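The values are calculated or read from the model by the stated rules, or taken from the named source; none is laboratory data. For clarity, every value in this text was computed on a predicted model and none was experimentally measured. Cβ placement follows ideal geometry from the backbone for every residue including glycine, while neighbour counts extend to all protein chains displayed. Heavy atoms of the whole protein, side chains included, go into the accessibility calculation; ligands, DNA and RNA do not. Shrake-Rupley method; radii C 1.70, N 1.55, O 1.52, S 1.80 Å.
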Amino acid sequence: MHAAVVRSFDAPPRYETFPTPQPNGEHEIAVDVLAAGLHPRVRSGASGSHYTSTDALPLIPGIDGVGRGADGQLLYFIAFDGAPGTMAEQTVIDRRRAVVLGDDADVPAVAAGMNPGMSSWLALRRRISFSPGQKVLVLGASGNAGRMAVQIAKLLGAGHVVGAGRDPERLAGLASLGADQTVSLSGEPSEIARALGAAADDVDVVIDYLWGTVTELAIPALVRARAEPSKPLRWIEIGSMAGTTITLPSAALRAVNLQLLGSGQGSITTAGIAAELPELAEQISAGRFVLEPLPRALSDVETAWDAPSAPGQRIVFTT
């Protein structure tokens, strides 16, 4: 078969022939891959920088996709640990980590949207008890996952959503996705802190794709601005686009009811993730979210890997 193959963590994958994987477990089946999204998680895995990465090469990148099984069923699937990646003509999946799609499903949209959507979907449905009417702050709302988080928070009943990010063009477009307010994360740190405190003083949930220096500013700003210190402030760390560590004043954990937790691979059971797949796939297939998949042929993987894309677009490799 042909596949995108990583032979060096310092170079993009190349389109090559590769041994066709064979199912050998009770729940494993082979599928013909139709589309696989180029997500940030895929890039970090292919560069060896993700926290789950090993030094094993060569590897096929890709963590999810849409494909068709031998029985003709159209499936969205998540790759399981130890299996070849999904950016190939064929892959092996664990049937328990897949959901059947309708034949009229928008294949590129599902491939593009499930991974970025799953991050906030799982955070709000599995990591906390989220109630309709609550106020949500999305840090990193100008990224693709952040844009999905704004839409998902609204779909799940958020009463007020604040989107914070750096890209002015993308921030300007968040209102059409459901954001009630936006905050620019560009400028002097004191200005950013004041803006966050003013917009999110009574926020219930923070969905954080940034961490690092932004979160170092944001936590004290929200703590200082909080009118009801005992009101729970659930801070869900999902990504680290602005840094992998923070310095956190100990007083922030005593002055308000701050609850820090993460959401990602390992913090939610495989069964829990699988249970959430059908409804999110249904919402994407039904066109509930604004998505802009950018299909590219898998054979173009080497040149398309680092190619720029417009705001909101996500490259989807198709076979």
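Can you confirm whether residue 213 is under 30 Å from residue 314 (Cβ atoms), β-branched (Val, Ile, Thr), modelled with pLDDT of 95 or more and open to solvent by 70 Å² or more (accessible area, probe 1.4 Å)?
So residue 213 fits the description; yes.
For the stretch 33-47, which residues satisfy the criterion of being part of a helix (DSSP H, G or I) and more than 11 Å from the chain's Cα centre (by Cα)?
43, 44, 45, 46
Can you pull out the residues in the stretch 90-107 that are part of a helix (DSSP H, G or I) and surrounded by fewer than 20 Cβ atoms within 10 Å (Cβ to Cβ)?
Passing the criteria: 95, 96.
I'm trying to understand the selection: among the residues of the stretch 80-89, which are surrounded by fewer than 21 Cβ atoms within 10 Å (Cβ to Cβ) and either modelled with pLDDT of 95 or more or touching a Gly at 6+ places or on another chain (Cβ under 8 Å) (or both)?
89
Checking residue 206 against (1) surrounded by fewer than 18 Cβ atoms within 10 Å (Cβ to Cβ); (2) at pLDDT 95 or above; (3) in contact with a helix residue (DSSP H, G or I) (Cβ under 9 Å, 6 or more places away or on another chain): exactly one of these is not met. Which one?
(1)
Rundown of residues vs (1) open to solvent by less than 40 Å² (accessible area, probe 1.4 Å); (2) not β-branched (Val, Ile, Thr), yes/no style:
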| position | (1), (2) |
| --- | --- |
| 24 | no, yes |
| 35 | yes, yes |
| 42 | yes, no |
| 45 | yes, yes |
| 54 | no, no |
| 61 | yes, yes |
| 68 | no, yes |
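For the stretch 117-205, give me every one of the strands (runs of 3 or more DSSP E) that falls completely inside it and has 3 or more residues that are touching a residue at least 40 places away in the same chain (Cβ under 8 Å) and of a type in the set (A, V, I, L, M, F, W, C).
135-139
Which numbered condition trips up residue 303, out of (1) modelled with pLDDT of 95 or more; (2) surrounded by fewer than 16 Cβ atoms within 10 Å (Cβ to Cβ); (3) of a type outside the set (D, E, K, R); (4) assigned to a loop (DSSP other than H, G, I, E, B)?
Evaluating residue 303 over (1) modelled with pLDDT of 95 or more; (2) surrounded by fewer than 16 Cβ atoms within 10 Å (Cβ to Cβ); (3) of a type outside the set (D, E, K, R); (4) assigned to a loop (DSSP other than H, G, I, E, B) leaves (4) as the failure.
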